[in-house]
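**Student:** Sending over a structure as structure tokens; questions will come in a sec.
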Amino acid sequence: MTRVLLSLWSGLIGLFCVTLVQSSDLPISSVSISRPAAVDPILLHTLQAHYTMLAKQLTQLMPTQPYILVDTARNHLYVKRKDQVLLDALASTGSGTILDKPGDSKGQWIFDTPRGEFTVQSRLTHPVWVKPDWAFIEEGLKVPKSPADRLEPGVLGEYALGFGKGYFIHGTLYTRLLGKNVTHGCVRLNDDDLKSVYRLAKVGTPIMIF
Amino acid sequence: MMFLCATLSILLSLASVSWAVEPDVIPLLDSTNPAMLQEATRVLEEEIKLAARPQTYMLIDLAANAILIKGRGVELHRSPIESWSASDLSQLATLYRLRERPPVNRRKIDPAAGAEQDPISLADMPTTFTLQFSPPLTILVLSSTVGNPWQWTLQRGQLWWRRLASWGNILRTGDTSPSPPSLDLTVASDHAQSLAWTVTEGMPVLIRRPTLP
């Protein structure tokens with residue numbers, strides 16, 4: 001009786017495991033795509049030539065001039081030319097926090113630094129911050145009606161590089177927070193690094209953010 | 001006899017599930033291997049289209065065991081893959097787009113609170129998560145469990161539970177049509193968090209498959 005039960009049990013387990021492995025949606029470990037036994041030299045030459053041509057084509061799409069790279073996870077900004085790092089700067093990027101829009105039950109501001117590829121659209125010296133609505137709401141203040149009440153000089157540093165939709169690379173008074181995700185989406189740098197980026201970047205310089 | 005068969009079946013199934021490619025076993029590109037050249041060419045053709053547009057994209061290079069974030073053909077970030085397994089490699093030869101980012105518990109700013117409030121950081125990102133793509137593809141990102149037997153047990157449990165659920169579904173519905181492809185990637189926990197942070201909705205993803213050396 002015991003042997004029969006044991007056989008039945010082991011058979012069930014075996015069937016279960018075989019079914020699991022054979023089932024089409026199960027992760028069968030890394031099976032590679034196969035390689036043909038014999039290699040046709042003409043085919044191989046054609047493939048090699050095509051691959052080389054495509055690799056060259058891809059290389060031609062890479063920026064030849066300096067470009068800005070922002071790592072939002074590690075809060076670093078780099079200026080690179082091909083593989084050469086021209087500047088490695090500690091930065092502050094978006095906090096990822098959210099703020100409800102008053103009077104709009106579904107509206108929210110999300111303070112993320114946008115990811116993707118952008119270009120430098122403007123280069124400003126002595127920028128003045130035009131405080132948006134969220135800056136007042138976040139502090140529990142009333143949003144002013146007069147545009148003049150929104151102006152705040154001296155908080156963005158000596159330079160600012162705009163990359164669209166109100167986002168800038170600019171300076172900060174809060175240098176102790178560099179290296180942390182604390183901004184409302186802009187990229188903050190210390191004065192020296194900001195000056196270097198300003199010198200290296202032109203209007204049209206690519207900014208890649210990830 | 002039946003007991004022996006069952007034991008062998010168990011051992012075989014466990015071996016096939018836990019085996020994974022070791023990094024650097026397969027050369028990055030053997031230009032004398034037509035299959036590898038064809039695969040690299042296929043990926044390059046797709047990548048050129050992606051690199052021609054102002055965007056970032058992801059290349060999961062199973063041949064080089066790395067997850068690359070790229071833009072304009074430039075490698076922006078590289079995360080090494082410790083191990084991987086796929087349901088069916090032949091199905092992974094297409095361009096995928098991420099349907100949504102992994103869920104992140106964002107903190108809400110309270111204007112009444114006054115004092116500085118904690119932002120989210122890389123440490124808030126999940127270390128194990130699933131990414132869903134269109135056309136259908138599921139990528140399960142797992143963090144490395146080296147030196148952490150409890151996490152290893154937990155992960156194995158999760159994997160087996162997923163498989164059991166899938167098997168149960170087949171038994172229940174009788175639907176044996178092929179499921180969408182899936183890919184499991186194991187990376188270091190900080191790289192898993194970095195990936196969760198970096199991916200964006202609609203991000204294009206290419207997969208380069210390995211070839212036998």
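The values are calculated or read from the model by the stated rules, or taken from the named source; none is laboratory data. As the structure is a computational prediction, the values presented were derived from the model and not from experiment. With ideal geometry, Cβ positions are generated from the backbone for all residues, glycine too; neighbour counts draw on all protein chains shown.
**Student:** For the range B:71-100, what are the residues that are in contact with a Ser or Thr (Cβ under 8 Å, 6 or more places away or on another chain), at the interface with another protein chain (Cβ under 10 Å from one of its Cβ atoms) and either on the phi > 0 side of the Ramachandran plot or not polar (S, T, N, Q) (or both)?
**Tutor:** Those that are in contact with a Ser or Thr (Cβ under 8 Å, 6 or more places away or on another chain), at the interface with another protein chain (Cβ under 10 Å from one of its Cβ atoms) and either on the phi > 0 side of the Ramachandran plot or not polar (S, T, N, Q) (or both): B:GLY71, B:GLY73, B:LEU76, B:HIS77, B:TRP84, B:ALA86, B:ASP88, B:LEU89.
**Student:** Filter the range B:154-187 down to the residues that are of a type in the set (D, E, K, R) and at pLDDT below 80, then identify the one that is farthest from B:TYR96 (Cα to Cα).
**Tutor:** The selected residue is B:ARG156.
**Student:** Considering (1) surrounded by 17 or more Cβ atoms within 10 Å (Cβ to Cβ); (2) touching a helix residue (DSSP H, G or I) at 6+ places or on another chain (Cβ under 8 Å); (3) at pLDDT 85 or above; (4) polar (S, T, N, Q), say which one A:GLN57 fails and leave the rest.
**Tutor:** (1)
**Student:** Of all residues in the range B:122-164, which are in a helix (DSSP H, G or I), touching a residue at least 40 places away in the same chain (Cβ under 8 Å) and surrounded by fewer than 13 Cβ atoms within 10 Å (Cβ to Cβ)?
**Tutor:** Listed by number, the list holds a single entry, B:ALA123.
**Student:** Name every residue in the range B:157-187 that is of a type in the set (S, T, N, Q) and more than 8 Å from chain A (Cβ to nearest Cβ), in order of residue number.
**Tutor:** B:GLN158, B:ASN169, B:THR173, B:SER177, B:THR186 - these are the residues of the range B:157-187 that are of a type in the set (S, T, N, Q) and more than 8 Å from chain A (Cβ to nearest Cβ).
**Student:** I'd like to verify a number: residues in the range A:143-162 that are part of a loop (DSSP other than H, G, I, E, B) and surrounded by 12 or more Cβ atoms within 10 Å (Cβ to Cβ), how many?
**Tutor:** Final tally of qualifying residues: 7.
**Student:** Which one of these is of a type in the set (Phe, Trp, Tyr), assigned to a helix (DSSP H, G or I) and more than 30 Å from A:GLN108 (Cα to Cα): B:TRP197, B:TRP167? Don't jump to the end; show me each part of the working.
**Tutor:** On the way: B:TRP197 fails: more than 30 Å from A:GLN108 (Cα to Cα).
Within the list B:TRP197, B:TRP167, the selection yields B:TRP167.
**Student:** Can you confirm whether the range B:92-107 contains a residue that is outside any loop (DSSP other than H, G, I, E, B), more than 14 Å from the chain's Cα centre (by Cα), surrounded by fewer than 20 Cβ atoms within 10 Å (Cβ to Cβ) and at pLDDT below 95?
**Tutor:** No, because not a single residue in the range B:92-107 is outside any loop (DSSP other than H, G, I, E, B), more than 14 Å from the chain's Cα centre (by Cα), surrounded by fewer than 20 Cβ atoms within 10 Å (Cβ to Cβ) and at pLDDT below 95.
**Student:** Next question. Any chance you could count how many residues in the range B:137-176 are in contact with a Lys or Arg (Cβ under 9 Å, 6 or more places away or on another chain) and of a type in the set (Ser, Thr, Tyr)?
**Tutor:** The number of residues fulfilling the criteria is 1.
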